[in-house]
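Engineer: Please see the structure below; I have some questions.
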Amino acid sequence: MDWKSASSYYETRLSDVLNIQHFAIDLAKLPQAEVPSKLTEILIQEGIPANRQLERLKKREFRIAVVGLEKAGKSTFINAWLECDLLPAKGGRCTFTTTQIYSVKSESEQRLEVQTRSEEQFINLLKELEIVGAKEDLKTIREYETTLQKVRREGNLVIPFTRLEDIREQFKKYVADEKYAHAVLEARLYTNKLAQAEGIVFYDVPGSDSGLTKHVDEAKEMLSDCDAVIVIQRFRSIREAELNIIKFTEQGDKNITIADKLFVFLSHIDSLGSAEALKNHVEEASQDWLKRANLPINRIVLGSAGAYLILNNFAEKHTQLEIGQPSNIRDKLSNLTEITDDENLRTQATGIPEIKQKIFDYINTERVDILKKRCEVSIDKILDTSEEIYHFVNKKFPVNPEEAQKFEEERRRISFTEWWEKQWEYIKADLQNFYDTSVINKPL
């Protein structure tokens, strides 16, 4: 079964099963049925990921979250993937909101959508910054209050383009320039440079170690509602915030293992001092991921997104200044990997073509099997639990459990009628009293 057929098939099955779930929950609410509350809770909890998956299938989206610590190189990685030095990747925090990148087929569909914050959303941002003590951010917002207000007043924008390079300055303005970016809630980029398959979505999630609750919540939500995860890791051992990536992914998608959907890109290898250091770096990281997430080594790729941009002439001047000259990068990678051929240095040593091929292979082959695994487990749990509830109700209503619901509705109608008749007697008495005291006895 190909992805298009599988998407349509499981969209229909999940829709049908979720209808059964709603009916079972209604049956479980009948007091005379005495259904254990744990069964209802199972249905409610299982319905959350099932509904998320259904919504993704309806939109024909396959969501890939690109996550990691701040300055791990997420934006540089996406730039290398797009083969355009587009997303800001300077020192310090350089993105202030989640950037979503959508795959489209044709150039005419390419556009940048900017969604600005409402006044309420902006006020909530200020409150959160106050709570976490983000003094620098608050100072910046006060300093650029006029431009931030102007962005919010102008509202949402749609900017069409032909080449990614054409929107570089506008993208930087609304995503990374503090004079404007704090007023932006979300940026969506639609490009035909992301993937060969339609419906692929990349999420550049801000670092979960930024200190902002908003960023942690965004990471948690996205990892709970995605089909694959690419972790950009700079250090050889997994940090505490990276453990949250594992936790959030497991909590939000319990019907598959984290190893089913996770890839790791060990970035910045050109910052290591020797081939021996690189070997130790890879071994320790691989063992750590195997221990914590049972992740096989073939899901881990080492490389340098910055080096890929430099050696393939995609880097802008600011990236060249930060990363270094092509000759220096070439020498570093050659010493680390023992690769001397220029072509292999640009591709094999940087890791970008390898990780792209792994993701494309996953999209073209494994994702159907993972979708089937995820959906079948969810469908079985909902159907089995619904059947248990049906049997409980059937004990009380052996002829037809559906009559239980009708009976309960009738009981509630009778109860309401009895209540209303009593209330009406009180109302009539109040009206009579008002008439006697205020109308009849009122002097002419």
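Here, each number is a calculation from the coordinates, and none is a lab measurement. Fair warning: this is a prediction, and the values are worked out from it, not measured in the lab. Neighbour counts run over all protein chains shown; Cβ positions are idealised from the backbone, glycine included.
Engineer: Give the long-range amide H neighbours of residue 184: residues separated by 5 or more places, or on another chain, with amide H under 5 Å away, using H modelled in the peptide plane at 1.01 Å from N.
Structural biologist: 117
Engineer: Right, next: Roughly how many nanometres apart are two label points built 7 Å out from the Cα toward the Cβ at residue 119 and residue 2?
Structural biologist: 5.2
Engineer: Then there is this: Could you calculate the FRET efficiency of residue 396 with residue 19 from 1/(1 + (r/R0)^6), where r is the beta carbon distance between them and R0 is 25 Å, rounded to 0.05?
Structural biologist: Approximately 0.65, to the nearest 0.05.
Engineer: Using only Cα atoms, find the angle between the long axis of helix 275-293 and the longest principal axis of the chain, and express it within 0 to 90 degrees, rounded to the nearest 10.
Structural biologist: Between helix and principal axis, roughly 10 degrees.
Engineer: So which aspartates and glutamates can residue 332 reach, going by Cα to Cα under 12 Å and dropping same-chain residues fewer than 8 places off?
Structural biologist: Within the straight-line limit of under 12 Å, residue 332 reaches these aspartates and glutamates: 270.
Engineer: With everything on Cα atoms, drop me the angle between helix 367-396 and the longest principal axis of the chain, reported from 0 to 90° to the nearest 10.
Structural biologist: It works out to around 20 degrees.
Engineer: Not counting the cut sites, what is the longest span of the chain without GluC sites (Glu not before Pro) that DSSP labels loop and that have at most 13 other Cβ atoms within 10 Å?
Structural biologist: Counting only loop sites that pass the neighbour cut-off, the longest clear stretch is 35-337.
Engineer: Which value in nm describes the separation of the simple spin-label points at residue 247 and residue 387, placed 7 Å from the Cα toward the beta carbon?
Structural biologist: Placing both labels 7 Å along Cα→Cβ, they lie 3.7 nm apart.
Engineer: Angle check, please: helix 3-28 long axis (alpha carbons) against the longest principal axis of the chain (alpha carbons), in degrees 0 to 90, nearest 10.
Structural biologist: Helix 3-28 and the main axis of the chain meet at about 30 degrees.
Engineer: Can you give the extra length, in nm with one decimal, that the chain gains between residue 128 and residue 83 once fully stretched, where that is 0.36 nm per residue apart less the Cα-Cα distance?
Structural biologist: Gain in length upon complete extension: 12.6 nm.
Engineer: With r defined as the distance between the Cβ atoms of residue 342 and residue 38 and R0 fixed at 56 Å, what FRET efficiency is calculated, to the nearest 0.05?
Structural biologist: 0.35
Engineer: Continuing with the same structure: Relative to 2.2 N^0.38 Å, what does the C-alpha radius of gyration of the range 1-104 come to as a ratio? Two decimals please.
Structural biologist: After normalising by residue count via 2.2 N^0.38 Å, the value is 1.63.
Engineer: At 222 nm, what helix-only mean residue ellipticity would the chain give, in deg cm²/dmol to the nearest 500, using -39500 (n - 2.57) for each DSSP H run of four or more?
Structural biologist: Using -39500 (n - 2.57) per qualifying helix, the result is -18000 deg cm²/dmol.
Engineer: Moving on. What is the magnitude of the charge dipole of the range 91-188 about its Cα centre, with +1 placed on the Cβ of each Lys and Arg, -1 on the Cβ of each Asp and Glu, and no other charges, expressed in debye to the nearest 20?
Structural biologist: The calculation lands at about 80 debye.
Engineer: Right, next: Counting only DSSP beta bridges with both residues in the chain, tell me the antiparallel percent, nearest 5.
Structural biologist: If I count the DSSP bridges inside the chain, around 40 percent turn out antiparallel.
Engineer: For the chain, just list the percent of Cα-Cα distances falling in each 20 Å bin from zero outward, please.
Structural biologist: Per 20 Å bin, starting at zero, the Cα-Cα P(r) for the chain comes out as 21, 44, 23, 9, 3, 0 percent.
Engineer: Separation between the residue 356 and residue 369 pseudo-spin-labels, each 7 Å from Cα along Cα→Cβ, expressed in nm?
Structural biologist: Each label point lies 7 Å from its Cα, and together they span 2.5 nm.
Engineer: If each residue of separation counts as 0.36 nm, what is the full-extension length gain between residue 150 and residue 45 once their alpha-carbon separation is subtracted?
Structural biologist: Length gained, residue 150 through residue 45: 33.5 nm.
Engineer: Lys/Arg Cβ at +1, Asp/Glu Cβ at -1, dipole of the chain taken about the Cα centre: which of 126, 191, 100 is farthest positive-ward?
Structural biologist: 126
Engineer: Which whole-number percent is the relative contact order of the chain (Cα, under 8 Å, 6+ apart)?
Structural biologist: With pairs under 8 Å counted, the relative contact order is 23 percent.
Engineer: For the chain, modelled as a GNM with alpha-carbon contacts under 10 angstrom, which of 357, 32, 320 fluctuates the most?
Structural biologist: 32
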